[in-house]
Amino acid sequence: MAATSEAPALIGTSGDSLREAFGKALSQLADEFPKLVVLDADIAGGTGVHHFRKSHPGRFLQFGIAEQNMMAAAGGLAAVGMLPVVTTFAVFCLRAIEQARLSLAYARRNAKIVASHPGLDVGPDGGSAQALEDLAAFRAIPGMTVISPADAVEARLATRAILEFDGPVYMRTGRSAAKRVFGEDHTFEIGKGRIVREGSDVTIVACGVEVARALEAADLLQAQRISARVVNMATIKPIDGELLARCARETGAVVTAEDHNIYGGLGGAVAESLAATRPCPIEFVGVKDVFGASGEPEELAEAFGLSAPHIARAAKKAVSRKPRKERR
């Protein structure tokens, strides 16, 4: 079986941001991975790697505001056996997409890119700083693994997983304090989705901050006698096609939810997978091909249609599109 079920409800308390969880994990794992070096573009305080800078200053490389140079240097470091982790804001990773493509993916280097401040989660920094296309851009690079953890617990586990993984990885973290989805007994495996709430009428597939909102949406739907299954799809590439096909077969309808443009990210990956295995009605929750705006993350989620009530409405629409014989 592709995945197992976990606790059916959101733990709910806010904890570390994903960037802080990542930075702390990196510092704690450094002695276990002696070839690990961290590359920074003058924003260690914003990406969480200030923890690593303090604990392992000799393995912390400062490149200043020169992301393309930093990304290319990571390829060179990997070529001589080091384990480079490139850190910056997601929107600045897009500036260095050519170097990520050629110096890391094309050259098949074992380097990791970890990007904070993705999507509307950036909040007050505004539309120019909110990367809404990064998952699409990096997912399209051959050989690039793409990950978006749901909470601080999963971010810590994913940090270890990407260091153990052989190959280029792009991983999102996050700026804001994240709602807890998982307990300390949670496990993480690259390439595997996980059912976090069972349901029989519709499956909500989410990643990143949208997993917590998907669980809230499931509660709203339960009150309307709609049983929603929630899947945490932390690995966008390679997508867990086996689990998606199973959920489509068992529930007959799917909603995707992501803090990203509706084009090219999680929604696109899910649709591509199901088109080849188990076609069914799909609704897409995400930013509708526009740039963001300045505001608090939860306010922006509501304004741009990413909040729990919007996910619930999309789920009801997906259920209504099921063939009549498959509805209750």
- [ ] Mind counting the residues in segment 262-283 that are touching a strand residue (DSSP E or B) at 6+ places or on another chain (Cβ under 9 Å), of a type outside the set (A, V, I, L, M, F, W, C) and either crowded, with 24+ Cβ neighbours inside 10 Å or in a loop (DSSP other than H, G, I, E, B) (or both)?
- [x] 4
Open item on the list: Given the condition modelled with pLDDT of 95 or more, touching a Lys or Arg at 6+ places or on another chain (Cβ under 7 Å), outside any loop (DSSP other than H, G, I, E, B) and among the polar types (S, T, N, Q), answer yes or no: does some residue in segment 242-256 qualify?
Closed with: yes
- [ ] Please give the number of the condition Ala30 fails out of (1) within 22 Å of Arg156 (Cβ to Cβ); (2) more than 22 Å from the chain's Cα centre (by Cα); (3) open to solvent by 50 Å² or more (accessible area, probe 1.4 Å).
- [x] (3)
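Per-residue answers, yes or no, for (1) farther than 25 Å from Ala41 by Cβ; (2) in contact (Cβ under 8 Å) with a residue 12 or more places away in the chain; (3) touching a Leu at 6+ places or on another chain (Cβ under 7 Å):
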{"site": "Ala96", "(1), (2), (3)": "no, yes, no"}
{"site": "Ala111", "(1), (2), (3)": "no, yes, yes"}
{"site": "Gly143", "(1), (2), (3)": "no, yes, no"}
{"site": "Val153", "(1), (2), (3)": "yes, yes, no"}
Task: Candidate set: segment 56-91, residues that are part of a helix (DSSP H, G or I) and in contact with a His (Cβ under 9 Å, 6 or more places away or on another chain); chosen: the one surrounded by the fewest Cβ atoms within 10 Å (Cβ to Cβ) - done: Val91
Open item on the list: For segment 184-214, give me each residue that is assigned to a helix (DSSP H, G or I) and closer than 17 Å to Lys316 by Cβ.
Closed with: Arg213, Ala214
Open item on the list: Any residue in segment 241-259 that is in the same structural domain as Ser200 (by TED's automatic domain parsing) and closer than 30 Å to Ala90 by Cα sitting within a Cβ distance under 9 Å of a residue that is among the hydroxyl-bearing types (Ser, Thr, Tyr) and surrounded by fewer than 22 Cβ atoms within 10 Å (Cβ to Cβ)? List the pairs, counting only those 6 or more apart or interchain.
Closed with: Gly241/Ser273; Gly241/Thr277; Glu242/Thr277; Leu244/Ser273; Leu244/Thr277
TODO: Confirm whether Ala79 is modelled with pLDDT of 95 or more, in contact with a strand residue (DSSP E or B) (Cβ under 8 Å, 6 or more places away or on another chain) and in the same structural domain as Leu157 (by TED's automatic domain parsing).
DONE: no
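The values are calculated or read from the model by the stated rules, or taken from the named source; none is laboratory data. Computed from a prediction, not measured in an experiment: that's the story for all the values here. We place every Cβ from the backbone using ideal geometry, glycine too, and count neighbours over all the protein chains shown. The area values use the complete protein model at the heavy-atom level, side chains included, leaving out ligands, DNA and RNA. Shrake-Rupley method; radii C 1.70, N 1.55, O 1.52, S 1.80 Å.
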